[in-house]
Each structure stands twice: as structure tokens, then as C-alpha cells.
Amino acid sequence: MTSFPTDLTDQEQQAASQRLAAMADQFTSDGDIRSPEWRTAFLATWRHPYVPSYYPSLNEPAVLCLGEKRAAWLEAVYSDQTLITKVAPIQLSRELRPATGWMFTSSSTLPSLMLKMLETLEVYDGCRVLEIGTGTGYNAALLSQRLGSEHVTSVDIDPELIDLAAERLAANGHTPTLVTGDGEEGYPRRAPYDRIIATCGVSRIPAAWLRQAAPGAIILTDLHGPIGGTLVRLTVDAENTASGRFLPYWAGFMNMRHTIEPQDAHNTWYVDDPVTSSTDVDPMIMQYERTFTFAAQWQLPDVQWGLATLTEGEWRTVRLSAADGSWAEVDIEPMHGAHRVRQDGPRRLWDTIEAVHQFWHDNGKPGYDRYGLTATPTRQHVWLDEPNSPHRWTLS
């Protein structure tokens, strides 16, 4: 293995090697690593060259590989955690401007999840892989170590990330094809691909991916909207139709961006006289039950939600909003056994949540893997249990 360009000391390198080996043993025991090929690739790939700094949170300064925080940096890099590697300013709602918030725009995903995804991809020697979301370059390094750089193509919207990844990959003996561009467009010059893996969230499968996939190709991506989602694994046929099921566990990535500039969240329009009602559905189900928000996503694909009205250190309401001006706000604390609801706009968003809640209960609170997706370049829908199920939702 090639050491980091600024070099680890012998003691640091020994410690990193020990932690890497311990992680490999743990991932193998947990089933995240299932094949000797991926175990070998993981042990042969340093993570620290690709993560020379990270942010503990959006509100804390970066931890660098230099100075007094170096030991903390090395320990974090060789642990199973996601590390935020790039942040960018984002406009807050009009009511709060001119203040500016922050959002992260790139990260190094926890290694156990990446290895679980790579195993799910079922690559083989000579397999041609397209990765969407280069980020730090660490996952491209794993793919290159396993398959050879000539079989790996990786795309990212951020030219700085591509430049840094190319430099760090080359320093560690890997030269995959790296492309600055919109991941939605894939990279037709190197198509067809036998495998497509995306480390970003999409609201539907891009048509370009289907066109660039070889017959029998596997696509693995996070199909995610503002409310919920998780990973889906699809197989593509000769007619560019992909079908498959969502994976049984939750995983989420940052949404795909079509520009390097973070986009403003839509505002909520309020009126002085909203419609008031009550509900038996605990609004905190949005926070604590991901299989419910997963079901809700397909019926409210354009709706955002969040905790709101912070007083005395506690959140008081759950708020939903849509770009068309529809909104709902529900009190977290019940009164006389029910939660107060206020909503207005063209649609009654909480009424839909209540209908989804009834559907979710009636169908046995289905897990992710009871749902599937069928996608063509022109039409896509999510289904429950079977592709011809009466419970199907078209993706916009």
C-alpha cells in the first residue's frame, strides 16, 4: 500500500494497519464483507489519503491531518463512520435572511455501508462500472483495486472534487476515468456499463443510466425524495427496462446536484386563517418510523417535512410544506388524546398522511423489501409486493 503523500510515521502506519485489519474482521463477521476479493481490496486500500480533513458537524471547525488534532483525525478515518468532507453556504428562508446556513455537499460514507453496497453490486473480473458521485475518490479506489482502473468510470458535478480525487488516486496507483459532469447524464463515451452504482440520492432513475446499461446490468442507487427512501437494486434487460426491489435496510445519501451551488429550499406560505382539525396519528412518526415515511414518499413526492417551533429547548410541531403553497403543522404534544392540526393551501397534506397511515397499517406495516421499482426511459413506478400490484405509484 502507498502511504499518504505527507507520510504517516511508522507508529501511525502500524496503528492504521491494525485498525484497518480490525475493521475488516468486524465487517466480515457482520456480513458486510462476504467475499475474499472485497476483503483483499479493502485491506489494500488506505482511506486516509482521500480524507485529509473532515467536519465533525456543520457547526464545528474542520479536523485536519495536521497539528494537535492529527491523532483524532487518524482515529476517525479508520473507524466506521461517515465523515463530512465539504460544506457550502445555503440561503435560509426569507424570514431569516440575511443570515446564511450551511449544508454538507460531500462526505466519505461509512466503510461498512460502502462494502455492503459493493458486495450487493456483484461485480466480476472484467466488469465495467460507472460510479455516480466520486466524492473523495475512496470508493473509486476500492473499485479500482478490485477490478483494475481501466474498468472504472466515476462522475461528479464538482470539478474540485474530481481534481483532488484524481491526484490522490494517482498517488496511490489508481487511474480510473474521472469526469466532471452531471451524474444524471452518466458518461456515454465509456458505455455500455455492466454495473452502475450511485452514492447520491435520485428521485427517479435517469434515462441515461438505462440507455448506458448493458443487458443484464445491475443498477444500485438511493431512490429518495424529501420524505423518505432507501437503496434499490435493479436489473436492466435488453429493452432498457430495469426492475428490482428495494434493499431491506435503510441507507441514505445526499441528493444528486445538477449544479455545484446548493439550491434554496422552497418557502412555505402561511395564511391568517388555516383549516384547524385534530388527528390521532402521532406526528413524530415522521421522525421515528422510516418504513412509514418510505410509504408516504410515493404519495407526497414533492413535500418536505421537519421539526419546527423550537421553544424552551424543545420542538413543538411537525411541519410539512410543498412548493405549491400547501402546508400543514401538527402539535407534537397531544391534548385530550389528539394532536392539533393546522393546514392550508391547494392540498391538505396532513389528510394524505392520515390516509397513508391507514394504508400502512392495513398492509402490515411493510418493510422496504416488499416494495419494488420498474423503470423505463419514459415511465417509472414503485409497487408493493409484485410489479402488477394494484398498489402502484408513478414517479414524476
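The values are calculated or read from the model by the stated rules, or taken from the named source; none is laboratory data. From a predicted model like this one, the values you see are computed outputs, not experimental measurements. So basically every Cβ, Gly included, is an ideal-geometry build from the backbone, and we count neighbours across all protein chains shown.
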Here's a check for you: in segment 87-143, which residue that is of a type in the set (K, R) and at pLDDT 95 or above is surrounded by the most Cβ atoms within 10 Å (Cβ to Cβ)? K116
Quick check on my filter: what residues within segment 154-168 are part of a helix (DSSP H, G or I) and either closer than 25 Å to L210 by Cβ or under 23 Å from the mean Cα position of the chain (by Cα) (or both)? P159, E160, L161, I162, D163, L164, A165, A166
Scanning segment 368-389 for residues that are without any contact (Cβ under 8 Å) to a residue 40 or more places away in the chain and not charged (D, E, K, R), the one surrounded by the most Cβ atoms within 10 Å (Cβ to Cβ) turns out to be W383
With respect to S149, determine if the residue is at pLDDT below 95 and either of a type outside the set (D, E) or buried (at least 24 other Cβ atoms within 10 Å of the Cβ) (or both). no
For K365: the one exception among (1) at pLDDT 95 or above; (2) surrounded by 15 or more Cβ atoms within 10 Å (Cβ to Cβ): (2)
Could we say that T175 is on the phi < 0 side of the Ramachandran plot, in a strand (DSSP E or B) and of a type outside the set (F, W, Y) here? no
Could you check A338 against (1) over 20 Å from P283 (Cβ atoms); (2) modelled with pLDDT of 95 or more; (3) loosely packed, with under 15 Cβ neighbours inside 10 Å and say which number it fails? (1)
Given the residues G325, G306, which is the only one that is surrounded by fewer than 16 Cβ atoms within 10 Å (Cβ to Cβ), free of Cβ contacts under 8 Å to residues at least 60 places away in the same chain and under 28 Å from the mean Cα position of the chain (by Cα)? G306
For the subset of segment 208-251 comprising residues that are assigned to a loop (DSSP other than H, G, I, E, B) and polar (S, T, N, Q), which member is nearest to C127 (Cα to Cα)? N240
Which of the residues belonging to segment 41-51 are touching a residue at least 40 places away in the same chain (Cβ under 8 Å) and surrounded by fewer than 20 Cβ atoms within 10 Å (Cβ to Cβ)? A44
Would you be able to say whether some residue in segment 271-288 is buried (at least 17 other Cβ atoms within 10 Å of the Cβ), in a strand (DSSP E or B) and of a type outside the set (S, T, N, Q)? no
Keeping to segment 337-391, report how many residues are in contact with a helix residue (DSSP H, G or I) (Cβ under 8 Å, 6 or more places away or on another chain) and over 22 Å from R290 (Cβ atoms). 6
Selection from segment 268-297 of residues of a type in the set (A, V, I, L, M, F, W, C) and modelled with pLDDT of 95 or more yields V281, M284, I285, M286, F292, F294, A295, A296
Candidate set: segment 182-207, residues that are among the acidic types (D, E) and outside any helix (DSSP H, G or I); chosen: the one surrounded by the fewest Cβ atoms within 10 Å (Cβ to Cβ): D182
